[in-house]
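Data first, discussion second: the structure below is written as structure tokens.
Just so you know, all these numbers are worked out from the coordinates, no wet-lab data involved. If you're wondering where the values come from, they're calculated on a predicted model, not measured in any experiment. Please note: Cβ atoms are built from the backbone with ideal geometry, for glycine as well, and neighbour counts cover all protein chains shown.
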Amino acid sequence: MQEPDSQDTYFAPFDTQISTFIEQHRSMLAARLDGLTEEEARRRLVPSKTTLLGLVKHAAFVERVWFGEAVTGASRAELGIPNTPDESFGLQESDTIESVLADYALAVGQSRQAVTGMDGDTVLPGNRRGPLPLRWVQQHMLRELAQHCGHADILRELVLAARSRTQE
């Protein structure tokens, strides 16, 4: 994957730039689980359901909402996803780092496939707000991913700090 700060990307068309940034943030979020134990990935450090594993699970939900529901018009029930974002953070006993990352990779692959051949001006009919251009959806997705990467960075830092304290 090409880094977004390369000269080629500086002057690339918007569709190339936004896709590059989305891909970078997808990778960064998934990488926040690297080297963690299952317990560390599930550890709740804030009052909400937000955990590192839950963030990646939620990101799969977000992919399916914005590139599944919005592109196809399929309902969340048809897509097999929760009705609300809050529900998407919930972890099942069967959720593992491996299973959540695999589902996230599947969701990302489905997202890429869903928009193949489209450009930012393509109007997507299936969003609850009504028709939206792909460009808006891409920008929203980048915002979501950037926000969750920030959350994940902080949670990971806390998890690793706790690990350091127990190893001293």
Scanning segment 60-88 residue by residue, those surrounded by 19 or more Cβ atoms within 10 Å (Cβ to Cβ), touching a residue at least 24 places away in the same chain (Cβ under 8 Å) and in contact with a Ser or Thr (Cβ under 9 Å, 6 or more places away or on another chain) turn out to be Ala60, Phe61, Val62, Glu63, Arg64, Trp66, Phe67, Gly68, Glu69, Val71
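Which one of Asp34, Asp15, Asp103, Asp95 is in a loop (DSSP other than H, G, I, E, B) and touching a residue at least 12 places away in the same chain (Cβ under 8 Å)? Quick ask: steps written out before the conclusion?
On the way: Asp34 fails: touching a residue at least 12 places away in the same chain (Cβ under 8 Å); Asp15 fails: in a loop (DSSP other than H, G, I, E, B); Asp103 fails: in a loop (DSSP other than H, G, I, E, B).
Being in a loop (DSSP other than H, G, I, E, B) and touching a residue at least 12 places away in the same chain (Cβ under 8 Å) holds for just one of Asp34, Asp15, Asp103, Asp95, which is Asp95.
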Going through segment 144-168 in order, the residues found to be charged (D, E, K, R) and either touching a residue at least 60 places away in the same chain (Cβ under 8 Å) or closer than 23 Å to Gly117 by Cα (or both) are Glu144, Asp153, Arg156, Arg163
In segment 118-168, residues that are touching a helix residue (DSSP H, G or I) at 6+ places or on another chain (Cβ under 7 Å) and of a type in the set (Ser, Thr, Tyr) total 1
* Is it fair to say Thr84 is closer than 19 Å to Ala152 by Cα, outside any helix (DSSP H, G or I) and polar (S, T, N, Q)? -> no
Note on segment 94-141: residues closer than 21 Å to Gln24 by Cα and in contact with a Ser or Thr (Cβ under 6 Å, 6 or more places away or on another chain) are Leu134
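Could you check segment 47-59 and list, in sequence order, the residues that are hydroxyl-bearing (Ser, Thr, Tyr) and surrounded by fewer than 22 Cβ atoms within 10 Å (Cβ to Cβ)? Don't jump to the end; show me each part of the working.
First pass over segment 47-59, keeping only residues hydroxyl-bearing (Ser, Thr, Tyr): 48, 50-51.
Passing the criteria: Ser48, Thr50.
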Note: among Asp121, Asp95, Asp103, just one is more than 20 Å from Asp34 (Cα to Cα) and either surrounded by fewer than 18 Cβ atoms within 10 Å (Cβ to Cβ) or out of contact with any strand residue (DSSP E or B) (no Cβ under 9 Å at 6 or more places or on another chain) (or both), namely Asp121
